[in-house]
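Heads up: the structure comes next, in structure tokens.
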Amino acid sequence: MNIEKLKKRYKNEWLLIKITKTDKQDRPIEGEVLLHSKNRDEIYEAQKNIKDYLYIAYSGEMPKKGFAVAFYG
Amino acid sequence: MAKINFDPQSPVIAIDITLESERGIKRRIRVALDTGATYTMIPWEIAEALGYKPEMSKEKVTLITASGVETAPLIEIKKITFLAEGLNNVPVVCHDLPPKSYVTGLLGSSFLRHFKITIDYPKGIFEISRE
């Protein structure tokens, strides 16, 4: 299924997607959801022993009001 | 040159990058574009899935976080690709961002310094190219 459709179907969740089709730049077009969860760490744990090309992302929008980000590294 | 559109009102510019290891294992993750970060940062578990062993790394970096000072391993990822631009042997820090950050890591200067980048905030356009 189309990646963008998968994001809409599982909105506001963390997704672990096995990529089944990519474009010329190797960007995912289609995939299969292996796991969806509100808990990010479940997704991180589940992908550990899978050798396939996987896409890991949060499917919701970041809150804009009252939300600020300061990273480090 | 490659470009993406972003929402100028979003608290971060979130982009997708692909990580590839010597074993041919690939992960595509959503990260925050962070021109102020010295290093690109990925979660420890993703590094392990790619076949790296962060705990064995002899190189460490010190991170100053809200909860104190932490030490994190530095590894070298075989290839990182963003849009059409790929870079080999990229130094990367293994460290988990808080879940509420909604991104999996950071794309920092250890990748970005190899490219010409332009951020047009009023128009919401990010461009990257090799000079």
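Values quoted throughout were computed directly from the atomic coordinates according to the rules given, and no laboratory measurement underlies them. Since this is a predicted model, take the numbers as computed values, not measurements. No Cβ is skipped: glycine too gets one built from the backbone with ideal geometry, and neighbour counts run over all protein chains shown.
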Problem - Protection proxy ranking of B:114-125, A:13-24 - average other beta-carbon atoms within 10 Å, highest first - result: A:13-24, B:114-125
Practice task
Compute the Rg/Rh shape ratio of the protein assembly as shown: radius of gyration over Kirkwood radius, all on alpha-carbon atoms.
Solution key: 0.93
Fill in the blank from the handout: Full extension between A:Asn2 and A:Leu34 adds, at 0.36 nm per residue less the Cα distance, a length in nm of 10.1 nm
Practice task
Express in whole angstrom the spacing between the alpha-carbon centres of segment A:1-27 and segment B:42-83.
Solution key: 25
Completion exercise
GNM on chain B, Cα springs under 10 Å; top mean-square fluctuation among B:Val90, B:Val69, B:Val31 goes to B:Val69
Fill in the blank from the handout: Computed on Cα atoms only, the convex hull of segment A:1-43 has an orientation-averaged projected area in nm² of 2.9
Handout entry: Over chain B: helical MRE at 222 nm, DSSP H runs n ≥ 4 each giving -39500 (n - 2.57), nearest 500
Key = -1500 deg cm²/dmol
Fill in the blank from the handout: Projected area averaged over all directions for the convex hull of the alpha carbon atoms of chain B, nm², comes out at 8.1
Handout entry: Proximal lysines relative to B:Lys58, as straight alpha-carbon distance under 21 Å, when same-chain residues fewer than 8 apart are discounted
Key = B:Lys78, B:Lys79
Handout entry: segment B:1-54, Rg to Rh (Cα coordinates; Rh as Kirkwood inverse mean 1/r)
Key = 1.03
Handout entry: Rounded to whole Hz, the Karplus (6.51, -1.76, 1.60) HN-Hα couplings of segment B:83-92, x for glycine and proline
Key = 6, 8, 9, x, 9, 8, 6, 9, x, 9
